[in-house]
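The values are calculated or read from the model by the stated rules, or taken from the named source; none is laboratory data. What you see is a predicted model; the values in this text were computed from it and never measured. Here the Cβ is made from the backbone with ideal geometry for all residues, glycine too, and neighbour counts use every protein chain on show. The area values use the complete protein model at the heavy-atom level, side chains included, leaving out ligands, DNA and RNA. Shrake-Rupley method; radii C 1.70, N 1.55, O 1.52, S 1.80 Å.
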Amino acid sequence: MNMAEPLSREGLRGALKTAEPMGRYVSWRAGGAAERLYVPADLEDLATFLRRLPAAEPLLFVGLGSNLLVRDGGWRGTVVLMHSPKKHPRQADGRIYAEAGVASPKVARFAARHDYAGAEFLAGIPGTVGGALAMNAGCYGGETWAIVDEVVTIDRSGRLRTREPSDFDIGYRRCALKGGGEEWFAAAWFKLPPGDGGVAREKTRLLLAKRIAAQPLELPNAGSVFRNPDGNHAARLIEACGLKGLAHGGARVSEKHANFIVNPKGAALASDIEWLIERVRAVVQEKTGVALQVEVRIVGQPA
């Protein structure tokens with residue numbers, strides 16, 4: 001444990017676990033354990049928990065773990081698990097409010113039910129609102145920050161702030177607070193134009209059918225491993241280098257979509273996946289001259 005004294009549970013309403021395997025919480029179903037993992041009951045409880053942590057305690061926020069690899073040595077610090085299946089979006093003042101732990105597809109479905117347009121692409125984002133904000137997630141022509149009106153952040157002292165999109169440096173698959181500082185997304189307000197719910201649902205259905213047909217969703221994966229280079233596609237480059245099906249340990253480059261690494265039998269180590277990531281980068285660089293940028297986040301210690 002990084003903390004000199006055990007954490008006081010007084011006043012906390014969430015669930016605290018120790019030595020918790022992170023393979024249970026990431027979509028790759030691989031990786032080491034977190035020294036401690038906390039599941040807050042709500043934002044007020046999260047604020048109380050954060051105020052208890054020493055300033056130097058390493059802290060990792062996780063949603064659905066769909067864009068994350070935790071190395072086999074685990075996370076030496078505290079993980080905050082934001083996702084909860086009990087959380088849902090709500091509507092107020094012509095906007096949609098969703099906490100960071102709400103799954104992005106729920107926002108797409110909610111928007112369609114309430115006759116909003118423009119959120120359909122969120123149905124194809126296999127993560128939470130917090131993760132979508134943090135990486136400006138997008139697909140099929142849509143990007144998260146294009147529909148954000150305001151966000152709520154939380155810092156290590158448990159302070160909640162309302163921030164505007166102008167407070168952030170936002171680009172392709174990236175988002176950073178201007179001026180630096182350590183804050184995490186707690187919630188967002190989405191501003192969407194009125195639309196036809198039936199049209200939105202049909203568009204969502206078509207997007208999901210396209211995704212199912214093109215991606216190996218039946219196997220543990222973390223979505224696209226690499227960002228698309230300007231004017232090109234990572235999957236196209238990887239396939240052109242003959243890397244589809246390349247395997248290491250229990251992990252494999254998907255034959256269905258070359259920008260996916262899968263864990264077919266759930267037996268892969270995080271190191272198997274990371275080896276493939278580095279091997280694919282090296283081969284593509286050597287054969288094409290393109291330096292692929294990793295889109296997934298890799299954290300923790302080697303075994």
Go through the stretch 139-169 and count every residue that is over 13 Å from residue 183 (Cβ atoms), in contact with a helix residue (DSSP H, G or I) (Cβ under 6 Å, 6 or more places away or on another chain) and not in a helix (DSSP H, G or I). 4
Under 20 Å from the mean Cα position of the chain (by Cα) and within 20 Å of residue 160 (Cα to Cα): which single residue out of 37, 68, 81 fits that description? 81
Hits in the stretch 277-294 - residues which are over 20 Å from residue 30 (Cα atoms), open to solvent by less than 40 Å² (accessible area, probe 1.4 Å) and under 22 Å from the mean Cα position of the chain (by Cα): 292
From 252, 227, 211, 201, residue being within 22 Å of the chain's Cα centre (by Cα), open to solvent by 70 Å² or more (accessible area, probe 1.4 Å) and of a type in the set (D, E, K, R): 227
Hits in the stretch 47-65 (condition: of a type outside the set (S, T, N, Q) and more than 19 Å from the chain's Cα centre (by Cα)): 47, 49, 50, 51, 52, 53, 54, 55, 56, 57
Step by step: first the residues of the stretch 174-184, then only those that are out of contact with any Phe, Trp or Tyr (no Cβ under 8 Å at 6 or more places or on another chain) and not in a loop (DSSP other than H, G, I, E, B), then the one that is nearest to residue 156 (Cα to Cα). Which residue is that? 183
Hey, among the residues in the stretch 30-48 that are touching a residue at least 40 places away in the same chain (Cβ under 8 Å) and in a helix (DSSP H, G or I), which one's surrounded by the most Cβ atoms within 10 Å (Cβ to Cβ)? 46
Any residue that is open to solvent by 40 Å² or more (accessible area, probe 1.4 Å) and closer than 22 Å to residue 169 by Cα - is there at least one of those in the stretch 78-90? no
Being surrounded by fewer than 17 Cβ atoms within 10 Å (Cβ to Cβ), at pLDDT 95 or above and assigned to a strand (DSSP E or B) narrows 16, 60 down to just 16
What number of residues within the stretch 262-276 are open to solvent by less than 50 Å² (accessible area, probe 1.4 Å), in contact (Cβ under 8 Å) with a residue 60 or more places away in the chain and either farther than 11 Å from residue 30 by Cα or in a helix (DSSP H, G or I) (or both)? 4
Would you check if there is a residue in the stretch 151-171 being of a type outside the set (A, V, I, L, M) and under 22 Å from residue 27 (Cα atoms)? no
